[in-house]
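Following: one structure in structure tokens, then a few remarks.
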Amino acid sequence: MSGMTTDRRWSLSRSLWGAADFRNLWMSQTVSLSGTGITLLALPLVALFALDASPTEIGLLWAAEYLPILLVGLPAGVWVDRLPLRAVMVGADLLRVVALLAVPIALALDVLSMPLLYVVTFLIGLGTLFYDVAQLSILPSLVAEDRLVDANGKLELSRSVSQIGGPPVGGLMVQLLTAPLAVLADVVTYLLSAYYVLRIRRPAPVDRPVGNAGLGRDIREGMRFVFGHPLMRPLLLCATLAEIGSAVIQALQVVYAAEVHSMGPVAIGVALAAGTGGGVLGALVAEPFARRFGTGTAFMVSIVLFTAGSAILPMSIGPVTFAMGMFVAYVGAFVFNVLQVSLCQAVTPPHLLGRMNAVFRFVTWGVIPLGAAGGGLLAEYVGLPGVFWLAAGLNALSVLPLLLSRIPRLREVVHHSAEKPAAETAAGPSPTHPEEPQAGRR
């Protein structure tokens, strides 16, 4: 009985919800993402109803959010590594607040225009880029080394839940308050996000550099580290191939559902919600699955799942099987995301975290517009099912970089400063600590 009590106290002491700094980081991301879900619907509606925007202009508005990644994605990592992480996150939130406030003010002054909305969306994307890179860089200093997978799983869970709830809540707020007032609601969420960041008390890692070396040299150092690392290089190649395939699917999923399966708006919404529900499940099971079967096995299973899900889509015979494909694909994608972020954080020295995260953002997010545009063009020649088969093929090919690495044999990851970069053991629980999480340990 005393042993059970001790185990229970140990479990409670290790609970991430008991760590105030992690709770504040989680709250910051959660309220920020909730507001973003509102804005993703509200800004296009402002453009549509207030400015009578064309489909091309709406598409450009969407693309403007990703433009900062291509323009300053790599330098962002250097600047994040040089600056206090909490200050970067608060500054990113305040930048998004100022950008969003411009919309209702411009409407009130009758000076709103599409160029202004492009600038607003660009600034929101810029703030999101810096916030995300800094948030990923600060997390390893807030949680125990063997809790990274669990921590990233909880952060991905809030992301998937916001994707489910954000658009419906945004639609309701737009209907009740009008789109400009819904944008103001997002302003409040970014202010709350900054408030929770300010409540984080733990300082940044002590070995982060404070000097100002050349920008180009620092960027090259970060890229050499990522592309030269035996674990991160295959992960980056895998994620990039999968991201192109996912971009094709996400860009055309509504069109496919409507034209191939004659699904109405409600049915399409249910199918997309089923996919995001799969993301919730993936975020929940990533840590316990990796702990039970090993990080390498979990990686391979995640790729099998999102490949299988994307292959179900062109084979689907109706709304039910279409929703099933979305669900399976999202389960695999979110398991992969949790594990990939955790592994990269674990093996990266603190002074390189910003640049490592920026390289991943620059490469993987930078191909999203390419995949979306390429899928739309190819659909004219091979049809929608053919394009979806190509996306499934890209997802299947993404496993090759991992198969050519030691990742499939990976049981646990040791700290970046240890003598060995990774520990590879046979699958199965650790004989010395059978209850400890193995995946994501450093």
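Taken together, the residues in segment 229-240 that are in a helix (DSSP H, G or I) and open to solvent by less than 50 Å² (accessible area, probe 1.4 Å) amount to 7.
Quick check on segment 109-123. Is at least one of its residues open to solvent by less than 40 Å² (accessible area, probe 1.4 Å), touching a Phe, Trp or Tyr at 6+ places or on another chain (Cβ under 9 Å), under 29 Å from GLY282 (Cα atoms) and modelled with pLDDT of 85 or more? Checked segment 109-123: no residue is open to solvent by less than 40 Å² (accessible area, probe 1.4 Å), touching a Phe, Trp or Tyr at 6+ places or on another chain (Cβ under 9 Å), under 29 Å from GLY282 (Cα atoms) and modelled with pLDDT of 85 or more. Identification of helices (runs of 4 or more DSSP H) wholly contained in segment 288-377 with 2 or more residues that are over 26 Å from LEU136 (Cα atoms) yields 295-315, 319-347.
In segment 56-154, counting only helices (runs of 4 or more DSSP H) that sit wholly within it, the ones holding 2 or more residues that are over 25 Å from ARG217 (Cβ atoms) and in contact with a Gly (Cβ under 6 Å, 6 or more places away or on another chain) span 85-109. Of ALA53, ALA102, all but one fail to be open to solvent by less than 40 Å² (accessible area, probe 1.4 Å), at pLDDT below 85 and among the small types (Gly, Ala, Ser); the exception is ALA53.
From the list THR307, THR297, the lone residue that is more than 27 Å from PHE225 (Cα to Cα), open to solvent by 20 Å² or more (accessible area, probe 1.4 Å), of a type in the set (Val, Ile, Thr) and in contact (Cβ under 8 Å) with a residue 60 or more places away in the chain is THR307. Annotation note: of PRO408, PRO349, the sole residue that is at pLDDT 85 or above and in contact with a Gly (Cβ under 7 Å, 6 or more places away or on another chain) is PRO408.
For segment 182-227, the set of residues classified as acidic (Asp, Glu), modelled with pLDDT of 80 or more and more than 21 Å from MET27 (Cβ to Cβ) consists of ASP218, GLU221, listed by residue number.
Quick one: would you say MET263 is assigned to a loop (DSSP other than H, G, I, E, B) and of a type in the set (A, V, I, L, M, F, W, C)? Judged against the criteria, MET263 is a match.
Out of all the residues in segment 323-332, which are open to solvent by less than 40 Å² (accessible area, probe 1.4 Å), out of contact with any Phe, Trp or Tyr (no Cβ under 8 Å at 6 or more places or on another chain) and of a type in the set (A, V, I, L, M, F, W, C)? The answer is ALA323, MET326. The set of residues in segment 8-42 that are under 27 Å from TYR131 (Cα atoms), at pLDDT below 80 and outside any loop (DSSP other than H, G, I, E, B) comprises LEU16, TRP17, GLY18, SER34, GLY35, THR36, GLY37, ILE38, THR39, LEU40, LEU41, ALA42.
Restricting ARG291, ARG361 to residues that are among the basic types (Lys, Arg), buried (at least 23 other Cβ atoms within 10 Å of the Cβ) and in contact (Cβ under 8 Å) with a residue 60 or more places away in the chain narrows the list to ARG291. Out of SER398, SER405, SER342, one residue alone is open to solvent by less than 30 Å² (accessible area, probe 1.4 Å), in contact (Cβ under 8 Å) with a residue 60 or more places away in the chain and in contact with a Cys (Cβ under 8 Å, 6 or more places away or on another chain). It is SER398. Could you count how many residues in segment 140-160 are touching a Phe, Trp or Tyr at 6+ places or on another chain (Cβ under 8 Å) and of a type in the set (A, V, I, L, M, F, W, C)? Looking only at that region, the number is 4. Among the candidates LEU136, LEU157, LEU142, LEU126, the residue that is at pLDDT 90 or above, buried (at least 18 other Cβ atoms within 10 Å of the Cβ) and under 20 Å from the mean Cα position of the chain (by Cα) is uniquely LEU126. Evaluation of ALA373 against the conditions (1) within 20 Å of LEU71 (Cα to Cα); (2) crowded, with 21+ Cβ neighbours inside 10 Å shows that the sole unmet condition is (2).
The values are calculated or read from the model by the stated rules, or taken from the named source; none is laboratory data. No experiment lies behind these values; they were computed from the predicted model shown. As a convention, Cβ positions derive from the backbone with ideal geometry for all residues, glycine included, and neighbour counts pool all protein chains shown. In case anyone asks, the SASA skips ligands and DNA or RNA and just uses the protein heavy atoms, side chains included. Shrake-Rupley method; radii C 1.70, N 1.55, O 1.52, S 1.80 Å.
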